[in-house]
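The structure appears right after this line, and notes come after that.
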Amino acid sequence: MPVQTQLPLDVLRTDGGTQPRTAINWTTVAEYAEDMAQEAAFPPVVVYHDGADYWLADGFHRYHAAVRLELPTIDAEVRPGTLAEAQWYSYSVN
């Protein structure tokens, strides 16, 4: 069952092949960062937790915007699951 929480940005793994897009759109990241700085609401990123790692599966542009702003945490929907499940989910939403 998914859990809504705040996760520290530095625990999110982005190196597991869960980003199926060829590149991050840095213009979109800049726009999101601008909106986040104005306290705009964004949906939580989706993360799969395998018991050890938190695999970012959806929300890479939001994640990079939060990193750009040096935010300590991000709203996250944490789902139990493996890296493979995170990969399959990411393919389904992109």
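Per-structure values
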item	result
Any hit, the stretch 70-84, residues being of a type in the set (K, R) and closer than 17 Å to D10 by Cβ	no
Cβ-Cβ under 6 Å pairs, at least 6 apart or on other chains, the stretch 49-64 side more than 15 Å from E77 (Cβ to Cβ) and open to solvent by 20 Å² or more (accessible area, probe 1.4 Å), far side among the charged types (D, E, K, R) and not in a helix (DSSP H, G or I)	D53/R13
Enumeration of residues in the stretch 33-45 that are open to solvent by less than 70 Å² (accessible area, probe 1.4 Å), under 15 Å from the mean Cα position of the chain (by Cα) and either of a type outside the set (V, I, T) or over 18 Å from D10 (Cβ atoms) (or both)	A33, M36, F42, P44
Test for E85: is it over 24 Å from T28 (Cα atoms) and not aromatic (F, W, Y)	yes
When residues of the stretch 21-32 are limited to those that are aliphatic (A, V, I, L, M) and within 21 Å of V93 (Cβ to Cβ), the one surrounded by the most Cβ atoms within 10 Å (Cβ to Cβ)	V29
Hits in the stretch 65-94 - residues which are touching a helix residue (DSSP H, G or I) at 6+ places or on another chain (Cβ under 7 Å) and open to solvent by less than 30 Å² (accessible area, probe 1.4 Å)	A65, A66, I74
Qualifying positions in the stretch 1-48 - of a type in the set (A, V, I, L, M, F, W, C), at pLDDT below 95 and under 12 Å from V78 (Cβ atoms)	M1, V3
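The values are calculated or read from the model by the stated rules, or taken from the named source; none is laboratory data. In this text, all values refer to a predicted model and were calculated from it rather than measured experimentally. FYI the Cβ positions are ideal-geometry reconstructions off the backbone, even for glycines, and counts take in every protein chain you see. What goes into the accessible areas is simple: the full protein's heavy atoms, side chains included, and nothing from ligands, DNA or RNA. Shrake-Rupley method; radii C 1.70, N 1.55, O 1.52, S 1.80 Å.
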